[in-house]
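To start, the structure under review is shown below, and the notes come after it.
Please treat every number below as a calculation from the coordinates, not as lab data. In this text, all values refer to a predicted model and were calculated from it rather than measured experimentally. Backbone-built Cβ (ideal geometry, glycine too); neighbour counts: all protein chains shown.
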Amino acid sequence: MRADTPILIFDSGVGGLTVLSQTRELLPEADYIYVADSAALPYGDKSEAEIAARVCGLLGRLAERYHPRLICIACNTASTIALGMVREVLETPIVGTVPAIKPAAEATQSGVIGLLGTAATIRQPYVDRLEAEFAQGKTLLRHAAPELVLAAERKLRGESLDPTAIERAVTGLRAQPGGDRIDTVVLACTHFPLLADELAEKFGPQVRFVDGAQGIARRIAYLTRGQAFARSDSDLAIITGDASHDTALHRALQHYGIGRIAGF
Ligand code: DGL
């Protein structure tokens, strides 16, 4: 394998950048391709069949074109629905992103955990299984916060945020029975850590947030241990649809070390 063979990080939009940053900290010498499926954003309001077909098809074509050493599906929605299918069809190692219920269950003192995700993620049997395996004896309250996906996309582009969108997400958890005792919130969508400050302000200082990005970065480092890495000039972002005029996005990607942008 050539040393500049990239690691491909995939999301429906900019959320996976939160995973890219953590991975880059552990593997600064690696070459990255960041893929945002902006043409199909948001995934969270689509059906399981639509998401599975889209993700399997797109990752198949990307793997053929770019031959990455590893693919990270930096999207809870895509991973909880299509991770198994993608692994069946591709030979490339795949790392998924699933809601960080295990660390949240270990961290909670009150025994009440909140989970914010997309509508598609929170209804997945995958999440039921994580709850049954890791959060036994705890209460897991789930809330779909699709507005936060678009809010995170806006924030990254430097646009103003609607504070009521954050409030609605917080109330969606707090208003459920036992919601006042939530002390740990799983950010089960990779877009949401981009709004951590706004969420922290509304939830208050007694609530901690847990997301999967660090664990994913460690997993990628583990699976690529011993491999040679060499960076080319600048990382590449692939944006589906027409992002050629989205200068705010281009600027934001540059902050993440991505200087080249291509369509797909
Ligand atoms: N970032 C994605 C996730 O982690 C979802 C955003 C979307 O709805 O497309 O679930």
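Enumerate the aspartates and glutamates that Lys202 could reach by cross-link, defined here as Cα to Cα under 16 Å, with residues fewer than 8 away along the same chain left out.
The reachable aspartates and glutamates, counting only those whose Cα sits under 16 Å from Lys202, are Glu147, Asp162, Glu167, Asp180, Asp183.
What's the Kirkwood radius of region 16-119 in Å, using all Cα pairs?
On the way: mean 1/r = 0.0659 Å⁻¹.
Hydrodynamic radius (Kirkwood, Cα pairs) of region 16-119 is 15.2 Å.
Each residue of region 151-159 in turn: what ³J(HN,Hα) in whole Hz from Karplus with 6.51, -1.76, 1.60 and θ = phi - 60°, glycine and Pro shown as x?
Working through the residues one at a time gives 4, 5, 4, 5, 4, 4, 8, x, 8 Hz.
Rounded, prolate or oblate, given the Cα gyration tensor of region 107-264, with a/c below 1.5 counting as rounded?
Working: a/c = 2.30, a/b = 1.46, b/c = 1.58.
In terms of gyration-tensor shape, oblate.
Longest segment of the chain with no GluC sites (Glu not before Pro) in a DSSP loop having at most 13 other Cβ atoms within 10 Å? Walk me through the numbers on the way to the answer.
Numbers: sites that count: Glu29, Glu91, Glu159.
Counting only loop sites that pass the neighbour cut-off, the longest clear stretch is 160-264.
So which lysines pass the test for Lys138, namely a Cα distance under 16 Å, with those fewer than 8 places away in the same chain ruled out?
Lys102
What does the convex hull of the alpha-carbon atoms of region 136-220 project to on average, in nm²? Don't skip to the answer; put the middle values down first.
Details: hull surface 26.2 nm².
Quarter of the Cα hull surface area: 6.5 nm².
What's the Kirkwood radius of the chain in Å, using all Cα pairs? Don't skip to the end; give the middle numbers.
Values: mean 1/r = 0.0537 Å⁻¹.
Evaluated over the chain, this radius sits at 18.6 Å.
What ranking of Met85, Met1 emerges when the number of other C-beta atoms within 10 Å of each C-beta is taken as an exposure proxy, fewest first?
Numbers: Met85 14, Met1 9.
Fewest-to-most Cβ neighbours within 10 Å comes out as Met1, Met85.
About its Cα centre, what dipole magnitude does the chain give when the only charges are +1 on Lys and Arg Cβ and -1 on Asp and Glu Cβ, stated in debye to the nearest 20?
400 debye
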